[in-house]
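Notes follow once the structure below has been shown.
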Amino acid sequence: MRPRKKDFVRAISRSFSIQGSWNDRTMTGPGMAHALAPLLARIHEEDPAAFRRAVQRHSRAFNAHPYLAPVAIGALARLEFDGEDPDTLLRFRSALRAPLGALGDGIAWAGWRPFCGSAAAIGFVLGLDPLFAAAAFLLLYNAGHLALRVWGLRCGWRSGRSVASALKRAPLRRIERVLVPANQVLIGVLAALLVGQLPGTGHTVWWGGGAVIAALMGYFIPRHISAVAMASLLAACAVWLL
């Protein structure tokens, strides 16, 4: 039977605990089965034995970025709904691991999280209360990763076996390519703001301007983004402390 909306809601809520039973042998496999269970229970509602076999099947070794695991949850549930044979399901499941891990690491760990952190730090330096700055970070960051989870589940369910093509068409890589250099510019702005608090106009103009220029260099020279921007921030902090 086709899953209902509340089954998808339960799958999303369970995806937050997908790493709760992580272990060296099956990694996030049990967590995947736990998140898939509401969908599998509906799909195999009339065959309890098939439901138990499906849960066992999806408890095997699996690992992917936790924020993009809902893509796999949706796609695997769709294949179960379409009646694919167990061997196809297991091969498909294995093929999803590496791309979802790499894509999630890029957009979440290298892009979205540092971007939100830099934006919150700038707000703090500009005078935002520390609690408000922390709350702004948490709200912005969690809104982004929750949206990614919901989108991933919908994308996986709609695409099924074609989920790889759907991911290629999705703007995730383009978003990553924008977020990473944008974060380096924010780091440069943060460095300029830190140096701008130094007494004396000279320090502000030379070091603050240099931090912004270094960040812009990082933006336009992608191979040196992290090194150039982080060096500017460290230099600004050193001058500020001295």
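The values are calculated or read from the model by the stated rules, or taken from the named source; none is laboratory data. In this text, all values refer to a predicted model and were calculated from it rather than measured experimentally. So basically every Cβ, Gly included, is an ideal-geometry build from the backbone, and we count neighbours across all protein chains shown. When the accessible area is computed, the model is the full protein with side chains, heavy atoms only, and any ligands, DNA or RNA have been set aside. Shrake-Rupley method; radii C 1.70, N 1.55, O 1.52, S 1.80 Å.
Regarding L128, is this residue within 16 Å of F62 (Cβ to Cβ) and buried (at least 16 other Cβ atoms within 10 Å of the Cβ)? No: the conditions fail for L128.
Examine the stretch 185-197 for a residue that is outside any helix (DSSP H, G or I) and over 24 Å from A11 (Cα atoms), and state whether such a residue exists. Yes: one or more hits. Cβ separations smaller than 7 Å between residues 6+ apart or across chains give the following pairs from the stretch 10-26 residues that are open to solvent by less than 50 Å² (accessible area, probe 1.4 Å) to residues that are aliphatic (A, V, I, L, M) and assigned to a loop (DSSP other than H, G, I, E, B): T26/A61. Restricting attention to the stretch 46-70 and to residues that are within 11 Å of P30 (Cβ to Cβ) and out of contact with any Gly (no Cβ under 8 Å at 6 or more places or on another chain), the residue that is least open to solvent (accessible area, probe 1.4 Å) turns out to be V55.
Within the stretch 27-40, restricting attention to residues that are farther than 15 Å from A64 by Cβ and open to solvent by less than 10 Å² (accessible area, probe 1.4 Å), the residue that is farthest from the chain's Cα centre (by Cα) is L40.
Exactly one residue among A108, A133 is in contact with a Gly (Cβ under 6 Å, 6 or more places away or on another chain), in a helix (DSSP H, G or I), buried (at least 17 other Cβ atoms within 10 Å of the Cβ) and at pLDDT 90 or above, and that residue is A133.
Of all residues in the stretch 168-177, which are open to solvent by 30 Å² or more (accessible area, probe 1.4 Å) and in contact (Cβ under 8 Å) with a residue 24 or more places away in the chain?
First pass over the stretch 168-177, keeping only residues open to solvent by 30 Å² or more (accessible area, probe 1.4 Å): 168-169, 171, 173-177.
Correct list: R173, I175, E176.
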